[in-house]
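**Q** Below is one structure. I have some questions about it.
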Amino acid sequence: MLTIWGRRSSYNVQKVLWLADELALDYVHRPAGGEDGGLESAEFLALNPNGRIPVIQDGETVVWETHSILRYLAAAHGNDDFRRKTPAAQSEADRWLDWSLSELEPAFFGGVFWGFYRTPGDQHDDAAIERSLARCDRLYRRLDSHLADAPFLGGERLGLADIPAGATLYRYFELEIPRPPLPNIEAWYQRLQARPAYQRHVMRPFGELYGRLAY
Ligand SMILES: N[C@@H](CCC(=O)N[C@@H](CS)C(=O)NCC(=O)O)C(=O)O
């Protein structure tokens with residue numbers, strides 16, 4: 001049995017739940033972190049000594065670090081759309097996971113979502129928010145150019161590449177922030193919004209996080 005640990009408002013947990021449902025996996029969800037707490041318990045630290053969510057247990061196998069979990073689920077349970085047949089094809093998906101982790105998420109989730117939305121207004125660093133917004137403009141425009149060639153990041157069908165960057169879109173488009181014209185991303189976002197798994201796990205109200213730095 002697969003168990004997925006982590007509160008539903010965590011964007012990293014959302015990626016894992018979204019993928020699990022795209023793969024039609026049977027799993028138990030265990031809320032943890034945030035208001036649910038429990039990350040410092042001995043039971044949880046035995047799973048992830050970092051005390052962070054998400055974590056999965058798949059039989060005897062425990063995996064932490066979101067993108068390692070995504071790769072594990074795709075390798076262990078994925079179909080051809082999520083587990084590519086050659087190293088070169090797999091690298092096309094992998095690069096978007098790493099790009100999202102090292103470029104897009106620090107700019108959007110770190111700089112804008114954390115700096116603008118989660119940080120109380122009287123503590124805003126306006127210059128830093130402006131820099132993050134400018135960085136997001138550049139990165140989302142780059143993504144938009146890539147999406148001119150295919151409906152999904154990895155090609156004709158949804159794949160692993162779409163999960164991390166796609167998981168940023170709901171909050172990116174819901175926040176009251178300036179955005180450049182992104183016609184290809186908007187079309188991609190519509191395709192994602194049509195998917196029940198995306199609706200269920202990513203398109204979730206996030207007001208509980210407003211002005212909240214606690215977790
Ligand atoms: N590099 C880790 C980061 C994990 C992380 O920071 N998770 C956050 C939620 S997104 C967390 O555990 N926060 C504490 C909490 O929710 O209480 C990963 O990608 O899994």
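Since every read-out is calculated from the coordinates, none of them should be taken as a lab result. Quick caveat, the model's predicted, so the values are computed rather than measured. Cβ: placed from backbone, ideal geometry, glycine included. Neighbour counts: every protein chain shown.
**Q** Treat every Asp and Glu Cβ in the stretch 87-201 as -1 and every Lys and Arg Cβ as +1, leave all other atoms uncharged, and give the resulting dipole magnitude about the Cα centre to the nearest 20 debye. Before the final figure, lay out each step's value.
**A** Values: 13 positive and 17 negative charges, 53 e Å.
Value, rounded to 20: 260 debye.
**Q** Arranged from highest to lowest average of other beta-carbon atoms within 10 Å per residue, in what order do the peptides 119-126, 74-81 appear?
**A** Working: 119-126: 10.5, 74-81: 15.9.
Put in order of decreasing packing, that is 74-81, 119-126.
**Q** Taking H placed 1.01 Å from N in the peptide plane, check which residues at least 5 places from H29 or on another chain put their amide H under 5 Å from its amide H.
**A** I4
**Q** Got a sec? How would V62, V16, V55 order by Cβ neighbour count within 10 Å, fewest to most?
**A** On the way: V62 14, V16 29, V55 26.
Lowest count first: V62, V55, V16.
**Q** How about the stretch 184-215: which trypsin sites (Lys or Arg not before Pro) there are in a DSSP loop, with at most 15 other Cβ atoms within 10 Å of their Cβ?
**A** Numbers: sites: R191, R200, R212; in loops: R212.
Of the trypsin sites (Lys or Arg not before Pro), the ones in loops of the stretch 184-215 whose Cβ has at most 15 other Cβ atoms within 10 Å are R212.
**Q** Any chance you could run the full-extension gain for S68 through D98? It's 0.36 nm times the residue separation minus the Cα-Cα distance, nm to one decimal. Could you put the intermediate results ahead of the total?
**A** Working: separation 30, 0.36 × 30 = 10.80 nm, distance 1.06 nm.
Full extension from S68 to D98 adds 9.7 nm.
**Q** Scan the stretch 70-171 for trypsin sites (Lys or Arg not before Pro) in coil per DSSP, keeping those whose Cβ has at most 13 other Cβ atoms within 10 Å, and list them by number. The partial results should precede the final answer.
**A** Values: sites: R71, R83, R84, K85, R95, R118, R131, R135, R138, R141, R142, R157, R171; in loops: R83, R84, K85, R157.
The qualifying sites are K85, R157.
**Q** Now for a separate question. If you plug each phi of the stretch 9-23 into the Karplus form 6.51 cos²θ - 1.76 cosθ + 1.60 with θ = phi - 60°, what whole-Hz ³J(HN,Hα) values come out, in order, with x for Gly and Pro?
**A** My calculation for the stretch 9-23 gives 7, 7, 5, 6, 5, 4, 4, 5, 5, 4, 4, 4, 6, 4, 8 Hz in order.
**Q** Could you tell me what % of all Cα pairs in the stretch 1-151 have separations over 22 Å? Walk me through the numbers before you get to the answer.
**A** Numbers: 5848 of 11325 pairs.
Tail of P(r) above 22 Å: 52 percent of Cα pairs.
**Q** If you place +1 on the Cβ of every Lys and Arg, -1 on the Cβ of every Asp and Glu, and leave all else neutral, what size is the dipole of the chain about its Cα centre, to the nearest 20 Debye? Write out the running numbers ahead of the final one.
**A** Values: 24 positive and 30 negative charges, 50 e Å.
Approximately 240 debye in magnitude.
**Q** Using the Karplus equation 6.51 cos²θ - 1.76 cosθ + 1.60 (θ = phi - 60°), what ³J(HN,Hα) coupling, rounded to whole Hz, does each residue of the stretch 206-214 give in order, writing x for Gly and Pro?
**A** For the stretch 206-214, the Karplus curve yields 10, x, 4, 8, 5, x, 10, 9, 4 Hz.
**Q** Please list, ordered by chain and number, the residues whose modelled amide H lies under 5 Å from the amide H of L158; skip anything fewer than 5 residues away on the same chain.
**A** none
**Q** Another question about this same structure. Say each of L45 and R204 gets a label point 7 Å from the Cα, pointing the same way as Cα to Cβ; how far apart are those two points in nm?
**A** Between L45 and R204, the simple spin-label model gives 2.6 nm.
**Q** In addition: Loop-only GluC sites (Glu not before Pro) in the stretch 104-211, please: DSSP not H, G, I, E or B, and at most 15 other Cβ atoms within 10 Å. Please report the intermediate quantities before stating the final value.
**A** On the way: sites: E130, E156, E174, E176, E186, E208; in loops: E156, E176.
Passing sites in the stretch 104-211 are E156, E176.
**Q** Starting from the Cα-Cα distance between A128 and R30, subtract it from 0.36 nm times their residue separation and give me the gain in nm to one decimal.
**A** Working: separation 98, 0.36 × 98 = 35.28 nm, distance 3.54 nm.
Contour length minus the Cα-Cα distance gives 31.7 nm.
**Q** How high is the FRET efficiency from A76 to R212, r the C-beta distance, R0 35 Å, rounded to 0.05?
**A** The value I calculate is 0.50.
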